[in-house]
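This report refers to the structure that appears directly beneath it.
The values are calculated or read from the model by the stated rules, or taken from the named source; none is laboratory data. Worth saying up front: this structure is predicted, and the values here are computed from it rather than measured. With ideal geometry, Cβ positions are generated from the backbone for all residues, glycine too; neighbour counts draw on all protein chains shown.
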Amino acid sequence: MRIRKRLQMELKDVKNITFPKPSFEDWKEAAEASLKGKSVEKLKTNTYEGIALYPLYTEKAELSEKVAELPGFFPFTRGTSPTGYHDKPWLVVQPVSGITAEEANEKMRAAFKRGQNVVAYPARLLSEGARADTLFKEIPLKEIPIFIELKGKQKELFPQFKAVAEAQNTQLTGVIAEDPIAEWLICGQLPEDTDNYFADWLKTIQDYQKVGSDLKTVLINTAVYHNGGANAVQEIAYGLSAAVQYLLEGQKQGLSIAAVSEKIVFSFAVDSNYFMSIAKLRAARRLWAGLAEAYDTASDHFKMTIHAVTSELTETLYDQHVNILRTTNQAFAAAIGGIQYLQIHPFTHATGETDEFSERIARNTHLILKEETNITTVVDPAGGSWYVEQLTDELAEKAWAKFLEIDAAGGILELIKQGTLQKEIAEVYQGRVQNAAFRKESIIGTNVYPNPADRIKTTTKDKHVSYMKVAKPVGITPLELERVSSQFEQIRLRSEKFKGISGTAPTIGLINLINLKSYKPRADFVQSLAAAGGIETIGSKGCQTVEEAIDYVAATKLPIYCLCGSDGDYSELAPVIIKEIKKQFPEITIYSAGKQEEELEITLREAGVKDFIHVKMNAISILLELLQKLGVN
């Protein structure tokens, strides 16, 4: 009995123990100790949006003083529904195609049995003469919504949708929409008379209300800007500017702001920058809701409907199964950010060819997220995260400033006519390309950890196709849409073509010094870098003497060699080896792996080293240089 009482008292004392709350300074001191005296500022990174990301986020006074935002309530930062996905999860938008309308219809009906809950066909199917009555055969449109981006065919295809609605005696629901401004950017053409174009287009929008009063018929396709390379600030600002342009055009035709705003659906691309993607969706909803006040309209008319689609910018041709990881991460970010429609590209999407397996994996990703993550049971999972909240605030502030800048310049059409929008996006894209080239950003399977055995079919994917027909077109600078990985892929495809013609892959030799422990780190680095360009490597065993190195070169007879070893090896053995190789084989080009101190670099260059291959160099430049010297055109 005494022992029990004593234990109870001790347990009570333990519960009452309090621990001192660590301050930010305490954390900083501990962090810098682990960094061996370096400042934590070294851990700060800067995004393409000009936002600084810090290693630690804490509750700040400005955050705690903000008016609490609730899910389903203005400004809808935390979503447009108070219950999140609990009552209505996002809709699965996986476009289904086929050689014929009959095949596409059969595949669509099969997809419904496997988790699809939206009728989604590519515009190409309808534009190639496939009849809508065949495509929608035995599909109960009274129960199942539609999602089709028409890419310039909206007016032309209206009679088909009207016939389908009449045949089923129902009102169509979902999204049958297009974004003229995005299509013009893709085509590189604007109508000479945009006022007349919009007047005609808005009549078509009103016609569609006869077949579906709840249909979303106006698309704001910010994914186009994203896939051109735009950052999140630009995506939001350009999207809002395009939406405002359509609101103003609607007013010119006597339509109310509410009548047009309720027909708008925003399409955002989500990439592998997980938290930025979440914050982008949250910030976009907040800013769109804020426009309600500017137009003196009830905020409920500005509840943003969002279609999210996985990024094409980040897709790769090589090591395609990594695309499954990318799109899963992106889809998860979209779901956390709060969306109504979600489209996940199959992992083979970059090639332009998909099959039943890749389509199944994409569709099943939705089901795994819904059924196995419990994401549908939590309303706004990101809410309250100091990091996400601050990122949302900063992104919203910058996007709003950019939106006002566009408005002051005369609106988005004026920016497009001047080529300013295209130039701004191209600048960000070039920054992404540079970071990939210097491998500051890793593209797994492409610029880092490539699989040399991986082969791809010739890509059959067309550039982004638009069916927009512009009467009396005025030429503008088109928006270039290209994946970041394409620069590495084009080099590797050149190497594969060379191998197909010559029978052997472009190859360089590695002169490995002393022993495995000495040369392996740098040999692995050079081997991986070369593989990113489709270049094979043949490495020697550890060369202990000049004679061994000479024998290796004589046996392999390659035009290019790279020296690999430790700094100590370079100081003692490398100059002698290089001089002797250049003496006996003057036509050979020699590189050295690793950046060296100035004195040793001078010594090695004088011995005959052409250049140094290291982590801080432009990988694209060195790969192109190597291919040129290897005779690969």
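A quick yes/no check of all residues on (1) buried (at least 24 other Cβ atoms within 10 Å of the Cβ); (2) in the same structural domain as M304 (by TED's automatic domain parsing); (3) out of contact with any Ser or Thr (no Cβ under 8 Å at 6 or more places or on another chain); (4) modelled with pLDDT under 95:
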position: L219; (1), (2), (3), (4): yes, yes, no, no
position: A223; (1), (2), (3), (4): yes, yes, no, no
position: V233; (1), (2), (3), (4): yes, yes, yes, no
position: Y238; (1), (2), (3), (4): yes, yes, no, no
position: L248; (1), (2), (3), (4): no, yes, yes, no
position: L255; (1), (2), (3), (4): no, yes, yes, no
position: A258; (1), (2), (3), (4): no, yes, no, no
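Applying the criterion of at least 2 residues that are out of contact with any helix residue (DSSP H, G or I) (no Cβ under 7 Å at 6 or more places or on another chain) and at pLDDT below 80 to the helices (runs of 4 or more DSSP H) found wholly in segment 1-111 leaves 2-15, 61-64. Which residue is surrounded by the most Cβ atoms within 10 Å (Cβ to Cβ), if the candidates are limited to segment 335-353 and must be outside any loop (DSSP other than H, G, I, E, B) and among the hydroxyl-bearing types (S, T, Y)? The extreme case among them is Y341. Anything in segment 580-606 that is in contact with a strand residue (DSSP E or B) (Cβ under 8 Å, 6 or more places away or on another chain), under 21 Å from I550 (Cβ atoms) and not small (G, A, S)? List them, or say none. If the condition is that a residue be in contact with a strand residue (DSSP E or B) (Cβ under 8 Å, 6 or more places away or on another chain), under 21 Å from I550 (Cβ atoms) and not small (G, A, S), then I581, K582, I588, T589, I590, Y591, L604 are the ones that fit.
The residues of segment 616-630 that are touching a residue at least 60 places away in the same chain (Cβ under 8 Å), over 16 Å from N447 (Cα atoms) and surrounded by fewer than 18 Cβ atoms within 10 Å (Cβ to Cβ) amount to a single one, K629.
Checking G410, G383 one by one, the residue that is among the small types (G, A, S), more than 30 Å from H614 (Cβ to Cβ) and without any contact (Cβ under 8 Å) to a residue 60 or more places away in the chain is G410 and no other. Filtering segment 68-115 to residues that are buried (at least 19 other Cβ atoms within 10 Å of the Cβ) and among the basic types (K, R) leaves only R78. Under the condition of being more than 23 Å from G534 (Cβ to Cβ) and among the aromatic types (F, W, Y), the residues counted in segment 580-633 number 1.
Only strands (runs of 3 or more DSSP E) whose full extent lies in segment 162-241 are considered here, and the ones with at least 1 residues that are under 21 Å from the mean Cα position of the chain (by Cα) are 216-221. If I ask for residues that are β-branched (V, I, T) and surrounded by 13 or more Cβ atoms within 10 Å (Cβ to Cβ), which ones from segment 590-614 would you list? Result: I590, T603, V609, I613. Total residues in segment 146-161 satisfying the condition of being in a strand (DSSP E or B) and not aromatic (F, W, Y): the figure is 3. Checked against the criterion of being farther than 30 Å from G72 by Cα, of a type outside the set (V, I, T) and modelled with pLDDT of 95 or more, the candidates E414, E394, E353 yield just one match: E414.
The residues listed here are I368, I425, I406; of these, the one that is at pLDDT 95 or above, of a type in the set (V, I, T) and in the same structural domain as L190 (by TED's automatic domain parsing) is I368.
Criterion applied to T327, T310, T305, T348 was being in contact with a Pro (Cβ under 9 Å, 6 or more places away or on another chain) and touching a residue at least 24 places away in the same chain (Cβ under 8 Å), and the one residue passing it is T327.
Of all residues in segment 583-633, those being farther than 30 Å from E496 by Cα and either at pLDDT below 95 or assigned to a helix (DSSP H, G or I) (or both) number 14. Here F275 passes the criteria (1) of a type outside the set (D, E); (2) surrounded by 22 or more Cβ atoms within 10 Å (Cβ to Cβ); (3) under 22 Å from the mean Cα position of the chain (by Cα); (4) in a helix (DSSP H, G or I) except the one numbered (2). As a summary of the residue check, A294 satisfies the conditions (1) surrounded by fewer than 24 Cβ atoms within 10 Å (Cβ to Cβ); (2) under 21 Å from E149 (Cβ atoms); (3) aliphatic (A, V, I, L, M) except for the one numbered (2). Applying the condition of being without any contact (Cβ under 8 Å) to a residue 24 or more places away in the chain and part of a helix (DSSP H, G or I) to segment 249-271 and asking which residue is farthest from the chain's Cα centre (by Cα) yields Q251.
Scanning segment 319-334 for residues that are surrounded by fewer than 24 Cβ atoms within 10 Å (Cβ to Cβ) and either among the hydroxyl-bearing types (S, T, Y) or closer than 24 Å to S385 by Cβ (or both) yields a total of 5.
Here's the yes/no breakdown for (1) assigned by TED's automatic domain parsing to the domain that holds I368; (2) of a type outside the set (S, T, N, Q); (3) buried (at least 21 other Cβ atoms within 10 Å of the Cβ):
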{"position": "L135", "(1), (2), (3)": "yes, yes, yes"}
{"position": "E166", "(1), (2), (3)": "yes, yes, no"}
{"position": "L172", "(1), (2), (3)": "yes, yes, yes"}
{"position": "E183", "(1), (2), (3)": "yes, yes, yes"}
{"position": "Q189", "(1), (2), (3)": "yes, no, no"}
{"position": "F198", "(1), (2), (3)": "yes, yes, no"}
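Which of the following residues is touching a strand residue (DSSP E or B) at 6+ places or on another chain (Cβ under 8 Å), of a type outside the set (G, A, S), more than 26 Å from E183 (Cβ to Cβ) and touching a residue at least 12 places away in the same chain (Cβ under 8 Å): Y449, Y519? Sole residue among the options that is touching a strand residue (DSSP E or B) at 6+ places or on another chain (Cβ under 8 Å), of a type outside the set (G, A, S), more than 26 Å from E183 (Cβ to Cβ) and touching a residue at least 12 places away in the same chain (Cβ under 8 Å): Y519.
The criterion of at least 2 residues that are within 36 Å of the chain's Cα centre (by Cα) is met by the following helices (runs of 4 or more DSSP H) wholly inside segment 462-572: 486-502, 516-532. Candidates in segment 527-585 are the residues that are acidic (D, E) and farther than 30 Å from I456 by Cβ; of these, the one that is surrounded by the fewest Cβ atoms within 10 Å (Cβ to Cβ) is E547.
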